[in-house]
Structures are given as C-alpha cells and as structure tokens.
1. How do B:302-308, B:200-206 rank on mean C-beta neighbours within 10 Å, highest first?
2. Where both residues lie in the protein assembly as shown, what percent of DSSP beta bridges are antiparallel, nearest 5?
3. Give the percent of DSSP beta bridges with both residues in region B:5-96 that are antiparallel, rounded to the nearest 5.
4. If you count the DSSP beta bridges with both ends in chain B, what percent of them are antiparallel, to the nearest 5?
5. Just the projected area, averaged over all directions, of the convex hull on the alpha carbon atoms of region A:5-96: how many nm²?
6. Using each residue's phi in region B:281-292, evaluate 6.51 cos²θ - 1.76 cosθ + 1.60 at θ = phi - 60° and report the 3J(HN,Hα) Karplus result to the nearest Hz, with x for Gly and Pro.
7. Tell me the net charge near A:D110. Cut-off is 14 Å between Cβ atoms, A:D110 excluded, with +1 for each Lys or Arg and -1 for each Asp or Glu.
8. Give the average, rounded to an integer, of partner chain Cβ atoms located within 10 angstrom of each Cβ in A:108-115.
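A short reminder: the numbers here are calculations on the coordinates, not readings from a lab. Quick caveat: nothing in here was measured; it's all calculated off a predicted structure. Because the Cβ atoms are built from the backbone with ideal geometry, glycine has one as well, and the counts that use them run over all protein chains shown.
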Protein chains: 2
Amino acid sequence: MREAFEGRETALFALQARFGTQFSRGAALREQHGHGEGYHLSHEPDAVLFAESTEDVSAALALCHEHSLPVVAFGGGTSLEGQVNALEGGISLDLSRMASIIEVNAADLDCRVQAGVTRQALNLHLRDEGLFFPVDPGGEATIGGMCATRASGTAAVRYGTIRENVLGMTVVLADGRVTQLGGRTRKSATGYDLAHLMIGSEGTLGIVTEIQLRLQGIPEVTAAAICQFETLGGCVESAIQIMQMGIPIARMELLDDVQMEACILYSRLEGYRALPTMFFEVSGGPDSVNEQISAIEGLCQDNGGADFLWSTRDDERAALWKARHAVYWACLAYRQGHIGISTDAIVPISALTAMILGAKQDIDASGLVAPIVGHIGDGNFHTVMLVPPGEAGLERARALDHKLVARALSLGGSASGEHGIGLAKKAFMGAEHDPVALDIMRAIKATLDPRNILNPGKLLPEP
Amino acid sequence: MREAFEGRETALFALQARFGTQFSRGAALREQHGHGEGYHLSHEPDAVLFAESTEDVSAALALCHEHSLPVVAFGGGTSLEGQVNALEGGISLDLSRMASIIEVNAADLDCRVQAGVTRQALNLHLRDEGLFFPVDPGGEATIGGMCATRASGTAAVRYGTIRENVLGMTVVLADGRVTQLGGRTRKSATGYDLAHLMIGSEGTLGIVTEIQLRLQGIPEVTAAAICQFETLGGCVESAIQIMQMGIPIARMELLDDVQMEACILYSRLEGYRALPTMFFEVSGGPDSVNEQISAIEGLCQDNGGADFLWSTRDDERAALWKARHAVYWACLAYRQGHIGISTDAIVPISALTAMILGAKQDIDASGLVAPIVGHIGDGNFHTVMLVPPGEAGLERARALDHKLVARALSLGGSASGEHGIGLAKKAFMGAEHDPVALDIMRAIKATLDPRNILNPGKLLPEP
C-alpha cells in the first residue's frame, strides 16, 4: 500500500526543497510526462523532476524510497506501450537534461554518454570521427530509454539491438545506491550479467544514468536499392537465402502492398507499383558492395523480384530511406483524419510468410486499414493500424493488435521485437513466459525494489 | 550449515534409489569429476550422477534441494578456473550423456541442442547443411558448459561470444522447477533477460539442460594468412585500424615473439622468425575476400608488417590454424617437463600494447617462461605460464597470474575475457565490481538458490 496523501505530500515537499527549480508540479509538465507516443490513457505524475546528474538521480531515489513514492524514468517520451505513464502517480524523473557525450574512444570504437543523449545527437557528434552508433528506433529516443525498452531498429540485422551494443552502464538502484555494471571491454566472463538484466527492464529494476556504447566505423561505400516482388513469399524466401549465404546485409526492410501504395502516394516514389517490396542497404568496400549487390539481385530474381535500382549517392539513398522512415506519415496521409497505432511482434523468419499472410486475414476481418512494414531479416514486423479517433476505434485497434500478437506467439514468436511491454502488453507476458520464469522475474523485482517504487504496475503481470 | 553426515547419506541413498546405475560413488569417477583442466587442488564430489534428460536434472535437484545437498554441474570438464570442483562435496551432475542435437532449422539459422553436445559434435553435424556454430573455446567443451562460463574463442571478433549466440534455453532451478528462458526469435523485448542472467553464472543460479543456438552459413571463401611485425605496437595498431575500417575480419590472433618461437619449433613453421606475429582469417564472397586481403595487407605494411602469404586452400589453412590451436602443446614442448597454466584477462584494445609490454615485464620479473597469445580484436589475451610441477612452481604461477590480472584491471580491463571466475579468480571480483554490484549478485543468488546448493563457494566472494 502506498502512503496516505499526507505522506506523499511530505515526500514531494522534501523533493522540492532538495531540487528547487528542477522540480515542478505544473500542470503542463505533468500532462506532458503522463504518456509516451502510444495511444493509451494518460497517467500523470504528481510532479516532474529534471535530473542533471547521477547524484541527482541517487538523491531523488533515496528520498522516494524513504517515502515509498513511485518514480517513473522519462527520456525522450517516445515509448509506444505506455512505459512512461505514471500509473500510481509519484514523480516522473526526466533525464533529458543529462545529455552530455562524456567521452569517445575512437581506437576502442566505444563511447560513454549520459542517459539523456539522443541517438541523433550522438551520431551528429560522431560523424566527423568516421564513426556511428547503429541502433535506430524510429523516434527521437534517448540512449537511456533505448536501454530501458531494449530498443532495436533497421540496422539490427547487421549490428544487433541495443543489447549487443552496450558494454557497461551506471545504474541507480531503488534505494539510491549507485553501481557500475559491465565495463569497457568487448566481452567479460566475471560474474552475473547485470547490465543485460537492466536492459529491457523498463525502469522497474533501476535507473540507468550513463552508458558505455560500442560504436562502428562508417563503411567506405553504402548502397541502397528497392526491389518489388510478385508475392510476399518471394520476399521472405529471398531474405532467408540472403541470411543463409552470410551476406552482411546492412538493412533489409519489407513493405507490403498496402504500405507500398501509401508510400508511393506520400513520398512520390515514381515508377513503383503497390506490390510487396524490399528495401536493401549494403555496405563495405567497393568490391564487397558490388559482390553483395549481384548476389542479392540474383537471389531476388530467382524469387520473382525485379526492377532493382541501386544507388550509392548520398542524396538518392537518403531519399529512399526517407520514404522508408516516413511510413508512419504515409499511413496517416493514406487515411486522413485517422490516427495511426503501431503494432509490434516477431517470429522466426521461416514463419514470416505464414505470419504476414495470416496478419492480412486478421486485418481484413477487422475491417481496418493497416499497412505492414517489417525488419524482415529479424522476423520483426509492424503494422500501422489506422482508426478514427475515439474509444470505439481504439477498441478495434486493440482487438486487432491482440490477435496479431496471439498469432505470432502461436508461430513460436514473441509479443514484442522492440517496443517492449510497458502497460499495453502485460497481458501477453503469461502467454509467452511460463509461470516459473515469471516467478523469477517477480522475485528479482522484489529483491531489487522491495518497496515497488520503480515504475510500478509495468512489465510484470499481477500473479 | 550443511546437514550432518547422516543427512547427507540419506540424500545420497535417495538419489541412488531414484537413479540406479546412473548414480555412482566409485572412486575413479569421483576423482575424474573433482577438477577441470586447470591446476587447482581437486575437490571430489561424494557421488557422480549422469543425467539423461531434463526430467532427470529436475528430479535430482528437487531431491538435493530437499536435503540441502550441493550440486555441481559437469559437462566436458574443460573449465580452467576450478568451476567444476566439488568444494563442499555433494554430487557432480554430469550432463555429458545429454548429447542430442534436437533440431536444426536451416531457414532460421538456429538449432536446439542438449547441454552435453560438444561444439565439435555440433559442427560435424552441421557441415553437410552448409552451416556452422562459431563459438570455439579451446577444449572439447559442451554447449552447456560454454553457457555456464560465458565462453568465447577465436571467432568472437566476428560472431560474438556464446552470449550473442544463444536465443533461449531450458533451465532447471535449484528446487527442481523447469523453465524456458528466451525463445527462438532473433530478438525480443518482453521482460527481464533471464537467459543472459544464466549465461556466465557458472551453475550457481540454475542448470542449463537445452539451448537454442544461432548458427551461421559457411562463407563461400575463407582465406588465412600470417604476418610478422617488427614491434608488438605494430600488431596492435594494425588491429585497431582493421576494426575501425569495419573490415569483417573472421579471426585475428596475436602471438608474441616467445610464443612464435615455440610454434616455429613445434609446428615446423618454416620461413618464419621469432617476432610478434598475427594470424588472420577473412571470409565472404571471393571479391570481398580479395578486398579484405588487400586492405589488411596495406594497413599491416604501414605498421611494419611483412611477408604475407594468403591461402584459401583448406589444407593450407588447416595447417596454419593447427599451429595456432597447438600453442598450448608448443609451449609444453618449449620447456619439457614443465606444466602449462593458462592465464586470461582482457583490456580495451587501445590499452593492449601497454598491457602486453607490461605483461612481458611482469613475466621477466617472475623468472618464468610465459608465451603470450591473444584474441587481439577483442583485447583478450592469454599467457601459458610454464612452471615445474609442484607447489613452489604453482605458487609462482599464481603470483604472476594475479599480477597480470591486476595490471589488466588498472588499464580499465576485466579479470577474465572468457575463462570465468570459478574458484581461482574470486579474489578479483571485489577489485572489478563495486560492493553494490556484488550485493545485487548475492541477492539474486540467494533468491534463486536459497539453500545455496548450486555450485557453492564459486564465483561470488564471501561478503
């Protein structure tokens, strides 16, 4: 049980006294911090606290722990499953001011950043050094938030998700204690992998304040192309063969016929048809790139793909990927006046044809328009469900989302490839994980956060 | 406190009654299961139990939990830091009979194996499918043991360690409950990453009985070469530049002048000199391989490397890598009558020159002969300390080992890149991890194994 109102007020006053202008109970800030970018009811915190250092986070958590006041970490506010909603009030601990890039070690291909650095800011900073950070979720996400939700993106097929790109981190525990997890080496075999326990824990086990990241060298040449297929199966079969051949594909995205139609209209992609389509990116030395291109072309042609146009020019590639990254806006333009709600699920790649054909049946049965886009090399796919604003539309969208996730699980998949659980997908935790695994998760949560102040009500379903 | 002798006997009788001929108290088996391949005193279990199924492991652990009888999981017996020693007696739970390859999914590039499958057996099985499993620690290790110790090897620079190559697993908890952790998808964002908590936990949190592994397609062309350098710094600088350029190097190994001398003598490597030397392997399509070769040659020549001889012929490559894999035997032949004790530490690659030059000073000061070999792309290196048999020699080796690890830690490194902690490196846990991190590890251990029956006395130092 939470402390009564007076206890909560005492805690908030103590925080205000400690943090002064970093602390606010203003209505606008509370509203802004009550939700992410998903379509869930807002849950406002009692106050917003802007942390400016690990010490701030530590002091805040020590006070909240003392008073059993809930704390929800807040980064870019871009999460999609209700991760930042303050279900039980308390404070939203905003880390966006912790935006320093602490160090870049070019020789070691690593860097250390504060949790509030966005991936865009990091890549801008790195560009002059010939380096980049490859994890690219859609929004203006912070690195801390990406750790919390185990984020991923279009480059995961080559470079892995945030999980494979974090070396170490500074974490503040529920009671305010500060610890360093992991380190700077590329691998280590010394004790329990606590950094990876934190990654994907959605702020329920600790709050990440600094992260040591792996970086990559910018390849000499990068080429991109679009290929259109007669059938969805041809796309999936091509993707499977590309992976089996060990082609180090940099990006490989699938757009279904409906998504492609929306993109053609929105991004004025001339000369393309509303067919299942793949976007490719390959990179490396020039000979390697040419070799990859011809291998991919050959495979795709064998599977009914045609009309390749490769480009190594920055502006042409940018235009192509701009169209890919604009799918959400293309969808909104495709059904004006509707809102767009993104789904997320993942299956083994061999099940992807069955999954997507089944998803299309589910979408048709729902009567909704919902274009499909997928990180096909990973087996991860999204739809943007287009519904009229209002509760009735949301209800239909939720029903479709649940159907898609249930289908993914029945095909050996997972309820989320990259958006996480938050509030919206707790119902699937019991379907995906057995009771023993959930017991372990609950036991670890109780051990690390005995007063249940860290993002209470998220990720773990009630027993 | 453990139960008194009678209690332990009761437990052992119960296990014998349940498991019959799978259970033995024979002296030879107990001796064989009292140690790995490191040079530590043997600690024999009271009995050896051969599990043949997950159900066996579950039944055994339920009984051991009931009676608070210690259980040490045993795979190939190849660990180097005393991981399998039965410090407090109890049973050695041998999983080597669980050696089935349950399924291989070529389209998904994954497979499911029982914990007792060795990496060699798996790769033999996969070869006809054009697939391979890339994690290659030195010994005839089992996949279960590799998970337990967070194993790695020469291909980690390209494909990652066992951590990056496990998708999911079946785990039996201390009380006998069975759970599935992770899954089959290439990524997932649904809950705490318990599979990765198990990886590297050295049998102290649960016993892994089945593993879902990622596989790789065998590249079209593979080429290998040796390059000799005037200076160690030239090797390290070349390695850093190769990583920065994003060359997808398959293997990159460093042998110091002493190790090279031992290898020249033992493996009859004609035409080579006792100089710092790098072994390279590149793979991919033929054009990509040629391009990688010329890039690597150019970089190495700029750093004082010379005398490349690339080979794409299987037999020539095999001879080259046989020499690399025979370093341990080359060392033993180099100082006949001595025993060879392997060290293990890792630093950020930019610190590798300082680390190895310092290590050479430490080795000289110790008066021991200790050739150095390293997975240079990772910053991970080993020495084989050659000492006369007997306690005095072991003592000198231990002192040198500690000095090398302390030096690695002072350079921002880790006490182990791939051999783990076991018994021998517990002393370094407190130097590498802060007290809060160790508290979390102990709390998780107490939560998952409240009676401390799983490999007691390992990995975690006493508070």
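1. B:200-206, B:302-308
2. Numbers: 112 of 130 bridges.
Bridges in the protein assembly as shown are about 85 percent antiparallel.
3. On the way: 2 of 10 bridges.
The antiparallel proportion sits near 20 percent.
4. If I count the DSSP bridges inside chain B, around 85 percent turn out antiparallel.
5. So the Cα hull casts an average projection of 5.4 nm².
6. Karplus values, whole Hz, x for Gly and Pro: 9, 10, 8, x, x, x, 5, 4, 4, 4, 5, 4.
7. Here the charged neighbours net out to -1.
8. So the per-residue partner count for this stretch is 3.
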